[in-house]
Amino acid sequence: MLSLLDHSELAPIVDRIDRGERLGEEDAVRLFATRDLNALGALADRANRRRNGMRASYIVNRYINYSNYCILSCQFCAFSRKRRDADGFELSIDQMVEKARQALSLGITELHIVGGLHPSLPFSHYTGFLRALKALDSRLQLKCFTAIEILHLAWLAKKSVRDTLQELKDAGLESLTGGGAEIFRKEIRQKIARGKESAEEYLDVHRTWHGLGGRSTCTMLYGHLESHADRVHHLSLLRGLQDETGGFTGFIPLPYQPENNGIPVRHAPTGAEQLRTLAVARLFLDNFDHVTAYWIGMGMKLAQIGLSYGADDLHGTIVEEHIFHMAGAQSPQLQTEQALVRAIREAGRTPVQRNTFYEPIRTWDSDPSQASGQGRLVSETGQAISGT
Ligand code: SF4
């Protein structure tokens, strides 16, 4: 593998990495510009293997969008609706509990819950659904709300962000989601998400949550109007906060979806661009343990290849996804656990079921001859929730 790198235009950067030097923003822009995609992938794969070995993870989870009503109108968003729109929706707490109850029979360990910035639901509604879902099964991990939703809830509750997060934590919140980051550079953020809170506000919510002992993921929406330098600026701010708090569990790059929105870009980023972004993220975010190849946005086939370009996680079973599909994603609504295990095995990795915090629950054998089935369970180290 290293001969591929020795003869690459990336050789000077390889030398610097080998000397233990941290990549600067200029290095990362140079990595984005390389035409030697295979060498970039090999370099990112080497960095990933040093950290995660041959393991690649997935989570058995379910998404719930509690509502798509939103007071904002981000230009890139195909999900949000106003009250006057016929296809707006809002779930009652009972409906959310029923969706969760059904998903528990699939063995989910996590509910991933986000929605729009709802114009009128009271703060007690949010603490109410957290408590009701936790009461269903106390082992179910609740990963909820973007930093932008948290700012909205703090405004609703007329409390500080810290007090708002503490109340949500007391009600059962275990992790924040990474959504709402979009792209941090102000000039681009204005063009794709006018009116949305700033990068500093996004980062400050995560900083406060980490200060309360919480963990979270983070994201970057890419492939629209931003440049490679804008992506690197975004990664640099995330790396800086991670240096400060260590509270991010993983990074999830989100490829832009072009349909049903107001951005004048008609194509999702190409496969090469998606792999390049995964690889540069893996190399630049040297203080992150995990990078996800998000199959909903990439499609399963490319996400599987992403496991050789620096990613060590495929995300989850998901069950019901609205946000990417309303923007034109062609991927299916769900993956079975068997399909995720098979994809990881065929990529030459050892499948590991993880929990919300990327801790292993179950490890499967990596025998590719088992590619069509679930295969053999090698070890069980965490708490799986099976059929209730
Ligand atoms: S991206 Fe989020 S905040 Fe923006 S319009 Fe859509 S739902 Fe609302």
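Any read-out appearing in this document is the output of simple, stated calculations on the displayed coordinates, not a laboratory observation. What you are looking at is a predicted structure, and each value in this text was computed from that prediction instead of being measured. Cβ sites come from the backbone with ideal geometry, for glycine too, and all protein chains shown count toward neighbours.
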Subject >> Average Cα contact separation per residue, the stretch 54-380, under 8 Å, 6 or more apart, as relative contact order % >> reply: 20 percent
Subject >> Residues 291, 205 arranged by fewest to most Cβ contacts within 10 Å >> reply: 205, 291
**OP:** Provide 224, 267 in ascending order of the number of other Cβ atoms located within 10 Å of each residue's Cβ, fewest first.
**Re:** 267, 224
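With only Lys, Arg, Asp and Glu charged, each at its Cβ (+1 for the first two, -1 for the last two), find how big the charge dipole of the stretch 54-380 is about the Cα centre; round to the nearest 20 debye. Mind showing how you got there, number by number?
Numbers: 36 positive and 36 negative charges, 66 e Å.
In total the dipole reaches around 320 debye.
Assuming R0 = 30 Å, can you tell me the calculated FRET efficiency for the pair residue 85 and residue 155, based on Cβ-Cβ distance, to the nearest 0.05? Provide the component values of the computation, followed by the final result.
Details: r = 23 Å, r/R0 = 0.77.
E(calc), rounded to 0.05, equals 0.85.
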Original post:
If the limit is 21 Å between Cα atoms, which of 99/158; 158/191; 196/301; 158/196; 143/169 go over it?
Top reply: 99/158; 158/191; 196/301
**OP:** Mind computing the radius of gyration and Dmax over the alpha-carbon atoms of the stretch 66-178? Å is fine for both.
**Re:** 14.0, 39
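Which percent of the Cα-Cα distances in the chain go past 40 Å?
For the chain, the share of Cα pairs beyond 40 Å comes to 11 percent.
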Subject >> Calculated FRET value between residue 201 and residue 98, using beta carbons and R₀ = 30 Å, to 0.05 >> reply: 0.30
Subject >> Spin-label model distance (nm) - residue 320 vs residue 18, 7 Å beyond Cα toward Cβ >> reply: 5.3 nm
Subject >> Extension gain, residue 378 back to residue 169 (0.36 nm per residue minus Cα-Cα distance, nm) >> reply: 71.8 nm
Original post:
Taking the simple approach of a point 7 Å from Cα along Cα-to-Cβ for both residue 71 and residue 260, what is their distance in nm?
Top reply: 2.4 nm
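Once a ≥ b ≥ c are taken as the square roots of the eigenvalues of the Cα gyration tensor of the stretch 308-372, is the result rounded (a/c under 1.5), prolate (a/b larger than b/c) or oblate (a/b not larger than b/c)?
Prolate is the answer for the stretch 308-372, as a/c is 1.5 or above and a/b outweighs b/c.
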Subject >> Per-residue Cβ neighbour rank within 10 angstrom, fewest leading, 345, 83 >> reply: 83, 345
Original post:
If you stretched the chain out fully between residue 287 and residue 124, how much longer would it get, using 0.36 nm times the residue separation minus the C-alpha to C-alpha distance?
Top reply: 55.0 nm
**OP:** Kindly state, to the nearest 0.05, the FRET efficiency for residue 29 paired with residue 244, given R0 = 25 Å and r defined as their beta-carbon distance.
**Re:** 0.60
Original post:
Fully extended, how many nm does the chain gain between residue 4 and residue 301 (0.36 nm per residue separation, minus their Cα-Cα distance)?
Top reply: 104.5 nm
